[in-house]
Amino acid sequence: MSTTTSSTLDAYYGSFTSEREKAALSVPLRLVAAWAKNDADGVAAAFTPDGTMILPGDVYKKGREEIRAFMAAAYAGPFKGTGVTGRPVDVRFVTDDVALLRTHGGILAEGETEIDPELAVRSTWVVVRRDDQWYLAGYQNSPRGAGATLRW
């Protein structure tokens, strides 16, 4: 998910090959690209203005500014130099403009290409289409796998 070559994108999309599925799955791709640059503004821009982010450790952020501020602090501290990766495992359309995505992925420590089991997550994304662009209305993840103890 960290590069956008055709073969990388094909591998990322897996069985989700319709143009509609790919459009909805553009949201995680945009978030991954922003994270790769430790770009808090870019992460926040992937959300709707009133989007929510819920993370382990009682983290609840609502709205782009709260999300941007949280990510800026994270990139200045524990997530400095990190990346994220993942793959879609489920795509469901509630309406033409609302989709539920489920991904498995996690945080990549600086210089790593594999997710440490303690940083692996299972994520749920509620994405919405507005003016022909897909945005993240709600995001929540939880640790997964043996030894998962994700802390923010």
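The values are calculated or read from the model by the stated rules, or taken from the named source; none is laboratory data. In this text, all values refer to a predicted model and were calculated from it rather than measured experimentally. Here Cβ is always computed from backbone atoms with ideal geometry, including for glycine, and neighbour counts include all displayed protein chains.
A few remarks follow.
- Among the conditions (1) in contact with a Ser or Thr (Cβ under 8 Å, 6 or more places away or on another chain); (2) free of Cβ contacts under 8 Å to residues at least 40 places away in the same chain; (3) not aromatic (Phe, Trp, Tyr), THR85 misses just one, which is (2).
- Failed criterion for ARG122 (all others in (1) free of Cβ contacts under 8 Å to residues at least 60 places away in the same chain; (2) more than 18 Å from SER142 (Cα to Cα) hold): (2)
- Selection over region 16-39 of residues that are aromatic (Phe, Trp, Tyr), closer than 19 Å to ILE67 by Cα and not in a helix (DSSP H, G or I) gives a count of 0.
- Screening region 41-152 for strands (runs of 3 or more DSSP E) wholly inside it with 1 or more residues that are surrounded by fewer than 14 Cβ atoms within 10 Å (Cβ to Cβ) and in contact with a Gly (Cβ under 7 Å, 6 or more places away or on another chain) returns the ranges 47-55.
Here is a yes/no grid of residues against (1) in contact with a Phe, Trp or Tyr (Cβ under 8 Å, 6 or more places away or on another chain); (2) without any contact (Cβ under 8 Å) to a residue 24 or more places away in the chain; (3) closer than 16 Å to TYR135 by Cβ; (4) among the charged types (D, E, K, R):
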| position | (1), (2), (3), (4) |
| --- | --- |
| VAL27 | yes, no, yes, no |
| LEU31 | no, no, yes, no |
| MET53 | yes, no, yes, no |
| ALA74 | yes, no, no, no |
| GLY77 | no, yes, no, no |
| VAL89 | no, yes, no, no |
| ARG102 | yes, yes, no, yes |
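- Answer residue from region 77-106, given it is under 20 Å from GLY51 (Cβ atoms) and β-branched (Val, Ile, Thr) and is modelled with the lowest pLDDT among those: VAL84
- Looking only at region 1-50, and only at residues there that are aromatic (Phe, Trp, Tyr) and within 19 Å of ASP90 (Cβ to Cβ), the one that is modelled with the highest pLDDT: PHE16
- Total residues in region 15-25, condition touching a residue at least 60 places away in the same chain (Cβ under 8 Å) and either among the polar types (S, T, N, Q) or surrounded by 22 or more Cβ atoms within 10 Å (Cβ to Cβ) (or both): 2
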